[in-house]
1. Could you list, in sequence order, all residues of the range 78-107 that are touching a His at 6+ places or on another chain (Cβ under 7 Å) and charged (D, E, K, R)?
2. So, of the residues in the range 90-106 that are without any contact (Cβ under 8 Å) to a residue 24 or more places away in the chain and either open to solvent by less than 50 Å² (accessible area, probe 1.4 Å) or farther than 14 Å from residue 124 by Cα (or both), which turns out to be farthest from the chain's Cα centre (by Cα)?
3. For the range 115-134, which positions are surrounded by fewer than 19 Cβ atoms within 10 Å (Cβ to Cβ) and either touching a strand residue (DSSP E or B) at 6+ places or on another chain (Cβ under 7 Å) or at pLDDT below 95 (or both)?
4. Tell me yes or no: at least one residue of the range 25-34 is modelled with pLDDT under 70 and not small (Gly, Ala, Ser).
5. I'm told residue 119 meets every condition in (1) over 19 Å from residue 64 (Cα atoms); (2) in contact with a His (Cβ under 7 Å, 6 or more places away or on another chain) except one. Can you identify the failing condition by its number?
6. Any chance the range 48-64 includes a residue that's open to solvent by less than 40 Å² (accessible area, probe 1.4 Å), assigned to a loop (DSSP other than H, G, I, E, B) and at pLDDT 90 or above?
7. For the range 65-89, which residues satisfy the criterion of being among the hydroxyl-bearing types (Ser, Thr, Tyr), modelled with pLDDT of 85 or more and either more than 19 Å from the chain's Cα centre (by Cα) or open to solvent by less than 70 Å² (accessible area, probe 1.4 Å) (or both)?
8. Considering the range 106-128 alone, what residues qualify as being under 15 Å from residue 82 (Cβ atoms) and assigned to a strand (DSSP E or B)?
Amino acid sequence: MSSTTLRRTLATLAVTVGLVGGSYGIASAASGNGSTTTTTTPAATAPAAPAAPPTGGHGGPWGGQRSDETLLTGNTAAKVTAAATAKVPGGTVVRVETDADGNALYEAHMTKADGTPVTVYVDAGFAVVGVETR
């Protein structure tokens, strides 16, 4: 075999291998059947706060949040929650908000450990001034 024929044969072989390899790569990418595996690890999340019942008069024995009451946030919410849970040990706070009925400045809607609904009224100094069991 002459060197020119050998070069042509090797060149043809190289082009053929390139076309086959490239076609396989394109087909694998298009079908998603490549050899690469991606593993996703879920991120750690903090526990969610209890969901407040919906507005509009629904949401448990206390009803929903009224339009004339405002959900508490931040430091005020933390202080009202602390006062209410100290008054009702083992209870679960459902929501804390301003009180529009004049019982106190704030109120905490809770569930006692036995499941009984209760509202704890808290004044501006974060002292409990009343408890109403439903």
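The values are calculated or read from the model by the stated rules, or taken from the named source; none is laboratory data. Every value quoted in this text rests on a predicted model; they were computed, and no experiment measured them. Glycine also receives a Cβ, built like all others from the backbone with ideal geometry; neighbour counts cover every protein chain displayed. Surface accessibility is based on the protein's heavy atoms, side chains included, excluding ligands, DNA and RNA. Shrake-Rupley method; radii C 1.70, N 1.55, O 1.52, S 1.80 Å.
1. Across the range 78-107, the qualifying residue is only 95.
2. The qualifying residue farthest from the chain's Cα centre (by Cα) is 101.
3. Of everything in the range 115-134, those that are surrounded by fewer than 19 Cβ atoms within 10 Å (Cβ to Cβ) and either touching a strand residue (DSSP E or B) at 6+ places or on another chain (Cβ under 7 Å) or at pLDDT below 95 (or both) turn out to be 115, 116, 117, 123, 128, 129, 130, 131, 132, 133, 134.
4. So far as the range 25-34 goes, yes, one or more of its residues are modelled with pLDDT under 70 and not small (Gly, Ala, Ser).
5. Just one mismatch for residue 119, condition (1).
6. No, the range 48-64 contains no residue that is open to solvent by less than 40 Å² (accessible area, probe 1.4 Å), assigned to a loop (DSSP other than H, G, I, E, B) and at pLDDT 90 or above.
7. Within the range 65-89, 70, 76, 81, 85 meet the criteria.
8. 106, 107, 108, 110, 120, 121, 122, 128
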